[in-house]
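What follows draws every value from the coordinates through simple rules; no lab data is involved. Please read all numbers here as calculations on a predicted model, not as lab measurements. Please note: Cβ atoms are built from the backbone with ideal geometry, for glycine as well, and neighbour counts cover all protein chains shown.
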Amino acid sequence: MRICTFNVNSIRSRLEIVQNLLRDFDIDILCMQEIKVDNENFPLIDREYQCVIHGQKRLHGVATCSKYPIDKYQKGFDGELNEPRFIYTLINGTHIINIYAPLGDNYGDRFEYKIYFYDKLFEYLKKFDLNKDKILICGDFNISHTELDVWDEEIWQGEVTHLPEEKAILSKFLDIGFIDVIREKYKNEKVFTFYDYRGAAVYKNEGLRLDYILVSKPLYEKFKDVEILTSIRRKRKPTPSDHVPIIADFDI
DNA sequence: ATGGCCCCATTTTGGGGA
């Protein structure tokens with residue numbers, strides 16, 4: 001099973017890149033974030049894939065597309081969350097949670113909303129047994145966890161994505177038993193999944209790691225490899241997303 | 001070539017992203 005997470009920064013602008021990605025890398029399941037379109041106007045990606053789309057006009061939005069049958073799905077958490085940022089699917093016996101976390105701000109209202117989003121997510125996760133269930137949470141977490149996840153620790157000190165409360169949220173996932181497969185592979189190496197469009201950041205390797213694939217232990221036992229497709233971000237035409245697609249392989 | 005933003009919309013300027 002090959003799964004890809006990709007913050008596309010508008011699916012309509014990235015359609016060709018997404019279609020090439022699915023074909024060139026033979027993706028089974030694609031979790032997209034920031035589709036920036038309402039459900040009605042979501043484009044046809046490929047007839048081979050079934051999509052669960054949770055979008056809105058202009059901002060945010062997530063979609064999960066799969067070659068395998070989607071046996072269950074849920075758009076949004078139980079209870080209130082006014083922005084489309086969460087899709088649960090059950091595919092191939094694996095619980096797949098696709099998230100686009102709010103960016104937040106430096107301790108303003110949007111920061112409170114970010115904390116609230118993660119509170120709701122942890123509440124949702126209580127329904128699973130992490131010792132028995134195969135669970136995968138992927139997407140744009142908008143958190144840079146450690147100094148390895150920012151290109152310059154001094155610059156990012158005290159900035160949103162790298163605030164102490166946000167680092168603690170990522171640590172909490174690990175504490176309850178999730179495994180960060182990118183960090184497992186690159187144990188002591190700076191690897192990034194986002195490069196700002198401004199300042200030629202990608203050419204100077206001034207990136208952040210804001211995207212994650214977290215898996216429960218039963219799924220980690222099937223884990224084979226993970227790859228960050230930085231070359232797609234470095235191409236100039238067609239215009240890439242500011243985020244990088246990430247592919248993980250499992251022996252299922 | 002050695003790079004200096006890109007998306008959407010109440011669209012030709014402004015807000016949001018990170």
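Just flag the trypsin sites (Lys or Arg not before Pro) in the range A:161-209 sitting in loop per DSSP whose Cβ has no more than 12 other Cβ atoms within 10 Å.
For trypsin sites (Lys or Arg not before Pro) across the range A:161-209 that sit outside H, G, I, E and B with at most 12 neighbouring Cβ atoms in 10 Å, the list reads A:Lys187.
Where does the charge balance sit around A:Asp105 when Lys and Arg score +1, Asp and Glu -1, over other residues with C-beta under 14 Å from its C-beta? Before the final figure, lay out each step's value.
Working: positive: A:Arg110, A:Lys114; negative: A:Asp109, A:Glu112, A:Glu159, A:Glu165, A:Glu166.
Result for the local shell: -3.
Note the full-extension length gain between A:Ser171 and A:Tyr116 as 0.36 nm times their separation in residues minus their Cα-Cα distance, in nm to one decimal. Please report the intermediate quantities before stating the final value.
Details: separation 55, 0.36 × 55 = 19.80 nm, distance 1.66 nm.
Extra length available between A:Ser171 and A:Tyr116 comes to 18.1 nm.
Loop only by DSSP, 12 or fewer other Cβ within 10 Å of the Cβ. Give me the GluC sites (Glu not before Pro) in the range A:1-62 that pass, ordered by residue number. Numbers along the way, then the final one.
Values: sites: A:Glu16, A:Glu34, A:Glu40, A:Glu48; in loops: A:Glu34, A:Glu48.
Loop-located and lightly packed - A:Glu48.
Can you tell me the length gained on complete extension of the stretch A:Glu16 to A:Lys217, counting 0.36 nm per residue apart and subtracting the Cα distance? Kindly include the intermediate steps, with their values, before the conclusion.
Working: separation 201, 0.36 × 201 = 72.36 nm, distance 3.51 nm.
68.8 nm is the gain from fully extending A:Glu16 to A:Lys217.
Over the range A:1-128, what is the relative contact order in percent, taking alpha-carbon pairs closer than 8 angstrom and at least six residues apart? Mind showing how you got there, number by number?
Details: 249 pairs, mean separation 22.5, N = 128.
Result for the range A:1-128 is 18 percent.
Can you compute the FRET efficiency between A:Ile155 and A:Arg47 using 1/(1 + (r/R0)^6), with r the Cβ-Cβ distance and R0 = 35 Å? Round to the nearest 0.05. Show your work: numbers first, answer last.
Values: r = 45 Å, r/R0 = 1.30.
Plugging the Cβ-Cβ distance into 1/(1 + (r/R0)^6) gives 0.15.
Please give, to one decimal in nm, the separation of the simple spin-label points placed at A:Thr239 and A:Leu59, each 7 Å out from Cα toward the Cβ.
Roughly 2.0 nm, to one decimal.
Tell me the net charge near A:Phe194. Cut-off is 11 Å between Cβ atoms, A:Phe194 excluded, with +1 for each Lys or Arg and -1 for each Asp or Glu.
Values: positive: A:Arg209, A:Arg233; negative: A:Asp140, A:Asp149, A:Asp196, A:Glu206, A:Asp211, A:Asp242.
Surrounding charge for A:Phe194 is -4.
Divide by every residue of chain A the summed helix terms, -39500 (n - 2.57) for each DSSP H run of at least 4, and state the resulting mean residue ellipticity at 222 nm, rounded to the nearest 500 deg cm²/dmol.
Working: 7 runs with 58 residues, N = 252.
About -6500 deg cm²/dmol.
Which pairs in the list A:Lys57/A:Lys127; A:Lys36/A:Lys237; A:Lys75/A:Lys187 are over 22 Å apart, alpha-carbon to alpha-carbon? It would help to have the intermediate numbers written out before the result.
Working: A:Lys57/A:Lys127 31 Å; A:Lys36/A:Lys237 20 Å; A:Lys75/A:Lys187 34 Å.
The pairs that break the limit, which is 22 Å between Cα atoms, are A:Lys57/A:Lys127; A:Lys75/A:Lys187.
So between A:Asp133 and A:Glu227, what do we pick up on full extension, going 0.36 nm a residue minus the alpha carbon distance? Don't skip to the end; give the middle numbers.
Working: separation 94, 0.36 × 94 = 33.84 nm, distance 2.39 nm.
Going from the current span to full extension adds 31.4 nm.
Go through chain A and flag any cysteine with no other cysteine's C-beta closer than 4.7 Å, please.
Cysteines lacking a close Cβ partner in chain A: A:Cys4, A:Cys31, A:Cys138.
Need one word for the range A:16-98: rounded, prolate or oblate. Basis is the Cα gyration tensor (sqrt eigenvalues a ≥ b ≥ c); a/c below 1.5 gives rounded, then a/b vs b/c decides.
On the way: a/c = 2.18, a/b = 1.21, b/c = 1.81.
Taking the square roots of the gyration eigenvalues as a ≥ b ≥ c, the range A:16-98 is oblate.
If R0 is 41 Å, what FRET efficiency do you get for A:Lys126 and A:Tyr203 from their C-beta distance, rounded to 0.05?
Working: r = 44 Å, r/R0 = 1.07.
E(calc), rounded to 0.05, equals 0.40.
Which loop-located GluC sites (Glu not before Pro) does the range A:164-200 contain, where loop means any DSSP state but H, G, I, E or B and the Cβ has at most 12 other Cβ atoms within 10 Å?
Working: sites: A:Glu165, A:Glu166, A:Glu184, A:Glu189; in loops: A:Glu189.
Counting only loop positions with at most 12 other Cβ atoms within 10 Å, the GluC sites (Glu not before Pro) in the range A:164-200 are A:Glu189.
Quick one: if you stick a label point 7 Å off each Cα along the C-beta vector at A:Glu189 and A:Leu90, how many nm between them?
3.8 nm
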